[in-house]
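K.L.:
Encoded as structure tokens, here's the structure I'll be asking about.
The values are calculated or read from the model by the stated rules, or taken from the named source; none is laboratory data. Nothing here was measured: the structure is a model prediction, and the numbers come from that model. Glycine also receives a Cβ, built like all others from the backbone with ideal geometry; neighbour counts cover every protein chain displayed. Surface areas here come from the heavy atoms of the whole protein model, side chains and all, with no ligands, DNA or RNA. Shrake-Rupley method; radii C 1.70, N 1.55, O 1.52, S 1.80 Å.
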Amino acid sequence: TSRRLHAAGSLPTPLIGRQQEQAELAERLRQHQLVTLIGPGGAGKTRLAIQVATDLAQQFEDGAIFVALAPVIPVEGVAPAIAAALGLRLNGATRPEDELLTILNERNLLLVLDNMEHLLEAAPFIAHLLQQAPGVHLLVTSRERLRLQAEQVIYLGGPSLPPLTRSSPVAQSDAVHLFVERARRLSSDFSLTPQNELLVAQICHQLDGMPLALELAAAQVSFLPLNALVQRLDQALHLLA
């Protein structure tokens, strides 16, 4: 019998917002064997993928497993990386790809292949895996699609941005919620107030609502006033531009 696998990877902080994307991703994975989550760096693809895989793990006989591909080079390292994440020891009698596919043929599990944009040449292997292991579903995170016929693609942008006027509720924005939650983790006395909400909204717009950028900015609030942070972001973005 196949042994139980549990979702690897963890969420150091809670997933904020993304309810619609989370539901769509889960539904696509139930119906399709390959789903690719595409978005720019810092959009929160990995965090969302781990959350969805954790939620769906019980629906697969062998659970879900997370495979970190960012450090994997060259493309021939993809199969050994998957095997290592599964806790498998390949005996080397045949090609790693063939040996892995023989094992996966009998498995029913969800594989999260994280950060695959630099390994797009492995697409033919992924296509072969889908054919040889019909019980395996793949959730791929990447900055580019794999361009496979079976591929379902979901594009991930930044979370919802707040209005820049006092006439609308700033706090309902997912980007603001994320910034405030992360800021509170490092500065427990920080809160969203009528006095600072437009500054927080401005920061969210400056960073296009990108989760990683918001988290990095939120880490500054314990020693930098919000108006100074806005000014520094303006200067930094001007320099980058």
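K.L.:
Only one of these conditions is not met by Leu11: (1) closer than 14 Å to Thr141 by Cα; (2) open to solvent by less than 60 Å² (accessible area, probe 1.4 Å); (3) at pLDDT below 95. Which number is it?
P.N.:
It is condition (1) that Leu11 fails.
K.L.:
Give the stretch 21-43 a look and list any residue that's in a strand (DSSP E or B) and touching a helix residue (DSSP H, G or I) at 6+ places or on another chain (Cβ under 9 Å), or say none. Quick ask: steps written out before the conclusion?
P.N.:
Of all residues in the stretch 21-43, those in a strand (DSSP E or B) come to 34-38.
Leu34, Val35, Leu37, Ile38 - these are the residues of the stretch 21-43 that are in a strand (DSSP E or B) and touching a helix residue (DSSP H, G or I) at 6+ places or on another chain (Cβ under 9 Å).
K.L.:
While we're looking at this one, here's another question. Tally time: how many residues in the stretch 60-86 are free of Cβ contacts under 8 Å to residues at least 40 places away in the same chain and farther than 17 Å from Phe125 by Cβ?
P.N.:
Summing the residues that are free of Cβ contacts under 8 Å to residues at least 40 places away in the same chain and farther than 17 Å from Phe125 by Cβ in the stretch 60-86 gives 1.
K.L.:
Residue pairs, Cβ under 9 Å, 6 or more apart or interchain, first in the stretch 87-105 and more than 21 Å from Ala127 (Cα to Cα), second among the basic types (Lys, Arg). List them.
P.N.:
Sorted first by the residue in the stretch 87-105, then by its partner, the pairs are Gly87/Arg3.
K.L.:
Would you be able to tell me the number of residues in the stretch 139-160 that are out of contact with any helix residue (DSSP H, G or I) (no Cβ under 7 Å at 6 or more places or on another chain) and crowded, with 22+ Cβ neighbours inside 10 Å?
P.N.:
In the first step, residues of the stretch 139-160 are kept if they are out of contact with any helix residue (DSSP H, G or I) (no Cβ under 7 Å at 6 or more places or on another chain); the result is 140, 145, 149, 151, 153, 155, 157.
From what's left, crowded, with 22+ Cβ neighbours inside 10 Å: 140.
Of the residues in that region, 1 qualify.
K.L.:
Considering only residues of the stretch 63-107 that are among the hydrophobic types (A, V, I, L, M, F, W, C) and part of a loop (DSSP other than H, G, I, E, B), which is most open to solvent (accessible area, probe 1.4 Å)?
P.N.:
Ile73
K.L.:
So the check is Cβ under 8 Å with 6+ separation or different chains; which pairs have a first residue in the stretch 119-135 that's open to solvent by less than 50 Å² (accessible area, probe 1.4 Å) and a second one that's small (Gly, Ala, Ser) and in a helix (DSSP H, G or I)?
P.N.:
Phe125/Ala79
K.L.:
Continuing with this model, one more query. How about the stretch 38-49: which of its residues are of a type outside the set (Lys, Arg) and touching a Leu at 6+ places or on another chain (Cβ under 6 Å)?
P.N.:
Gly39, Gly42, Ala43, Ala49
K.L.:
Select from the stretch 44-62 the residues that are charged (D, E, K, R) and in a helix (DSSP H, G or I) and list them in ascending order.
P.N.:
Correct list: Lys45, Arg47, Asp55.
K.L.:
Something else now. Within the stretch 161-207, count every residue that is of a type in the set (D, E, K, R), open to solvent by 60 Å² or more (accessible area, probe 1.4 Å) and in contact (Cβ under 8 Å) with a residue 24 or more places away in the chain.
P.N.:
2
K.L.:
Does the stretch 135-153 contain any residue that is on the phi < 0 side of the Ramachandran plot and modelled with pLDDT under 90?
P.N.:
Scanning the stretch 135-153 turns up no residue that is on the phi < 0 side of the Ramachandran plot and modelled with pLDDT under 90.
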